[in-house]
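The values are calculated or read from the model by the stated rules, or taken from the named source; none is laboratory data. The structure presented is a predicted model; accordingly, all values stated were derived computationally and were not measured. Cβ: placed from backbone, ideal geometry, glycine included. Neighbour counts: every protein chain shown. Note: accessible area is taken over every heavy atom of the protein model, side chains too, but ligands, DNA and RNA are not part of it. Shrake-Rupley method; radii C 1.70, N 1.55, O 1.52, S 1.80 Å.
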Amino acid sequence: MTPKERAFRFLKKVSKPARYTGGELNQILKDKSKMNARFAFCFPDTYEIGMSNLGIKILYDCLNAEEDIWCERAYAPWPDMGDLLKEKDIPLYAHESGDALSDFDFLGFTLQYEMSYTNVLYVLSLAKIPLLSSERTNDHPIVIGGGPCSYNPEPVADFFDVFSIGEGEEGLVEAVRCYIDYKKTHDKFDRAEFLREVSHVKGCYVPSLYNVEYSESGEISKVEPKYPDVPSVVEKRCIKDFDGARFPEKAPVPFTETVHDRIMLECARGCMRGCRFCQAGIIYRPYRAKSPETLNRQAYSLFKSSGYEEISLTSLSISDYPCLMELVDSLKEWTDNEKIGISLPSMRIDSFEAKIMEKVQGVRKSGLTFAPEAGTQRLRDVINKNLTTEEILDGCRNAFSTGRTNVKLYFMLGLPTETDDDVAGIANLGQQIVNVYYENPNRPKGKSIEVTISVACLVPKAHTPFQWFGQNSLDELTRKQIHLKDCITTRKIRYNWHEAKVSRIEAVFARGDRRLSKALIEANKLGMKFDAWDEYFSYDLWMKAFENANIDPSFYAERNIGFDEILPWDHIECGVNKKFLIDEAKKALKEVTTPDCLTKCSACGAAKFGASLCLKRDINPKTAKEG
Ligand code: SF4
């Protein structure tokens, strides 16, 4: 009996049992006796969130496209199920076969946010796999990590055998291929020998093959490979022909409601804008787009194989997609008949087009979301948002002219050089938007405006110009949150703010190094998990974990780092060079902006990936391929 079959007997005792059954439409089943490698892919959070992640859908498809590789799915079980598995001594299992994760050749984790790190250890514990890479034997799966957080893998380095840095469509498959080739050419599997081998695959980082040294005052003094054949710098994988890249034509359709119950159509990767706090805008460079023909074909096959009623056109900034109107028109040739909705989640306010919004949203006038991020022009220049107050007000004016009565705006507190006037600027901008609504004589009669201001705390991330700037202290962030509250004087503005304590822990791990693995071990001992969920996050427990590990969290979260200091992630190459990031950090302090890539190339280093944007300022997927 497989662990899944054993667990089935108890599923009525847990909440949402459909999270644990597998058997979904389009799941992929293979004959395990014919496989050369079995890969269990874990999203370290609940099924509902994991099943909505596009990255895992793409890599599940890429791995299973290989005849002799079987990729299966796994998720972090909600605590009631986790406790039951422990009580019944049932190891955590994969959804397709129901086999224990410890039976697999690979156990993969996508690392999307730092607050999921305790869940990585929680899953390893439930799977009965040693937490530390150094304690695993030849019989244990190779634990491999990837995703945006792997651009600073150091805080979790001790728990992973290898990281696949960058785009996994090619890199991850090559890592597994390397494993298969190794097993075919060696009588006996030797874990250490294989890890040395896979470190030669471009984009693969094997932490155990590097020495890290620290200075007396605690900074990193050296990171170097233990052997000459191991790369001193690991460069990310980047797909050159994005339009031709593999993309799933079908994906498992969940039994229970998930966070994104719709088709996610990835129209472009990367962003040209260069906001200085944004990690995605740097690590996914250069900007590459797919052609409307490719997207239409992919959308139709995903629709036919899933029955979803909505298509979300995804990209970091969909309004920058060069063929947006053409794409929407070509989709509507069949979506209207099929009563399928189209949504555009990431519209920039300065390129809000009423015409397109009318087309995609028809009668349903859902609210609009924009991200000015900072309340004053000065601070928007510091973060290089390249957005004027007039453009913001115009965007809202356009939105209101389409009959909308609510708008949501994202801001951040704790930005470098921020003053109390900048904080007050958020409230002022909100008030200006309310005024714009009431200046509109054609506004819906008797309808009030609702402006929602949602305010996060800056978390300085690796590989961004802000990586050197320490996060505001908790007291300072809390003081600013209260100051903003006091500045909002109208009920037409709803004010939501993020828990600063969560952002603080996130900042510790975003700028952390290997010494933090001790804190994660302590957190695991304290039973910590699901830190991204309010009901499970405990700041006091984190302080206890840091104390037990003898770690000062402010050293990582708040410290300003010198430009000449070795960063924990310097040996991970994201394609954008350090000089560019330093120049951008210095320009921020001088409130000087940098134009977007389409306007002018700033020689960030990503041109080496050969994207047409960098080579000839052309982002049109139809002409990009021409030499
Ligand atoms: S090389 Fe130039 S165009 Fe290409 S991503 Fe960098 S700044 Fe933009």
Problem - Label-to-label distance, nm, for residues given as Tyr227 and Lys202 (7 Å Cα→Cβ offset) - result: 2.2 nm
Practice task
Please give the FRET efficiency for Lys304 paired with Leu589, using the beta carbon to beta carbon distance and R0 = 41 Å, rounded to the nearest 0.05.
Solution key: 0.20
Problem - Inter-site label distance for Lys355 and Arg191 at 7 Å from Cα along Cβ, in nm - result: 6.1 nm
Practice task
May I ask for the angle, rounded to the nearest 10°, between helix 168-185 and the longest principal axis of the chain, with both axes built from Cα atoms and the value confined to 0 to 90°?
Solution key: 10 degrees
Handout entry: Length added when fully stretched, Lys544-Tyr438, from 0.36 nm per residue minus Cα-Cα
Key = 33.0 nm
Practice task
Could you tell me how many degrees, from 0 to 90 and to the nearest 10, lie between the Cα long axis of helix 420-439 and the main elongation axis, the longest principal axis, of the Cα atoms of the chain?
Solution key: 60 degrees
Exercise for the section: Using the Kirkwood radius over Cα pairs, work out the Stokes-Einstein diffusion coefficient for segment 143-291 at 4 °C and 1.567 mPa s, in µm²/s as a whole number. Expected result: 72 µm²/s
Problem - Average accessible area per residue (Å²) across segment 193-276 - probe 1.4 Å, nucleic acids and ligands excluded - result: 44 Å²
Fill in the blank from the handout: In whole angstrom, the spacing between the Cα centers of segment 223-285 and segment 292-312 equals 20 Å
Fill in the blank from the handout: Note on the chain: contact order normalised by length, alpha-carbon pairs under 8 Å, 6 or more apart, percent, works out to 14 percent
Problem - Solvent-accessible area per residue for segment 472-619 (1.4 angstrom probe, square angstrom) - result: 48 Å²
Practice task
Would you mind calculating the gained length between Ser454 and Lys184 on full extension (0.36 nm times residue separation, minus the Cα-Cα distance), in nm to one decimal?
Solution key: 91.8 nm
Fill in the blank from the handout: Given 382-394, 480-492, the highest-first ranking by average Cβ count within 10 Å works out to 382-394, 480-492
Completion exercise
With all protein chains present, the chain has a carbon and sulfur share of its accessible area (1.4 Å probe) in percent of 50 percent
Completion exercise
Given a 1.4 Å probe, the accessible area of segment 366-439 per residue, as a whole number of Å², is 31 Å²
Exercise for the section: Calculate how steeply helix 389-401 sits against the longest principal axis of the alpha-carbon atoms of the chain, using the helix alpha-carbon long axis, and give the answer as 0 to 90 degrees to the nearest 10. Expected result: 90 degrees
Problem - Distant alpha-carbon pairs in the chain (separation over 42 angstrom), percent - result: 23 percent
Completion exercise
If the chain between Glu326 and Asp80 were fully extended at 0.36 nm per residue, the gain over the current Cα-Cα distance would be 83.7 nm
Problem - Relative contact order, percent, segment 117-167 [alpha-carbon distance under 8 Å, six or more residues apart] - result: 36 percent
Problem - Projected label distance in nm at Ser401 and Gln27, using a 7 Å step from Cα toward the beta-carbon - result: 5.1 nm
